[in-house]
Amino acid sequence: MVTKKQISHYLSLPWSYTIEQEVDQGKHYFIIRVNELPGICTDAETIEEGMELIKEAIEGAIILYLKNGETVPEPIKRKDYKGNIAYRTTSERHYYVAKLANTTHKSISKTIDDLIDTGLGHLKIIHH
């Protein structure tokens, strides 16, 4: 049996979302996806409306997972990540990153951080 306490626990987790703006026949709308729950998404004319709708979709998904006896995927916890990443790349990419770092007077690590920030910004990932 699914309890309100279980549902409440999962709804309080820090879900993250990917929001994309689309245009169809001149009409703008937003598609909102829950990154941790595959297939859970909604669309709306405003982000505010979409965020309300996505919460309903999350609740429905949680209820289905629990009713089926499945594990509910949970958001990863920020505290579990300390900032150390082992990263290997090609010598050519290493050269271009080093060249960019030199040109911008930054360290290679800072340059990689800037490049990742730019990439993440394009994905428009937000956290609840």
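Observations on the structure shown:
- In the stretch 19-77, trypsin sites (Lys or Arg not before Pro) in a DSSP loop with at most 11 other beta-carbon atoms within 10 Å: LYS77
- The stretch 98-116 and the stretch 39-60: distance between their alpha carbon centers, rounded to Å: 38
- Comparing ILE31, ILE112, ILE76 in a Gaussian network model of the chain where C-alpha atoms under 10 Å apart are linked, the largest mean-square fluctuation is found at ILE112.
- Burial order of peptide ranges 81-94, 36-49 (average beta-carbon count within 10 Å, highest first): 36-49, 81-94
- In percent, rounded to a whole number, the relative contact order of the chain is 28, using alpha-carbon pairs under 8 Å and six or more apart.
- Space enclosed by the convex hull of the alpha-carbon atoms of the stretch 47-121, per residue, Å³: 170
- Å³ per residue enclosed by the Cα convex hull of the stretch 1-50: 99
- The alpha-carbon atoms of the chain, seen along their principal axes, cover 58, 42, 21 angstrom, with the largest extent given first.
Values in this text are rule-based calculations from the coordinates and carry no lab data. Just so it is clear, the model here is predicted, and its values are computed rather than measured. Cβ atoms come from the backbone with ideal geometry, glycine included; neighbour counts cover every protein chain shown.
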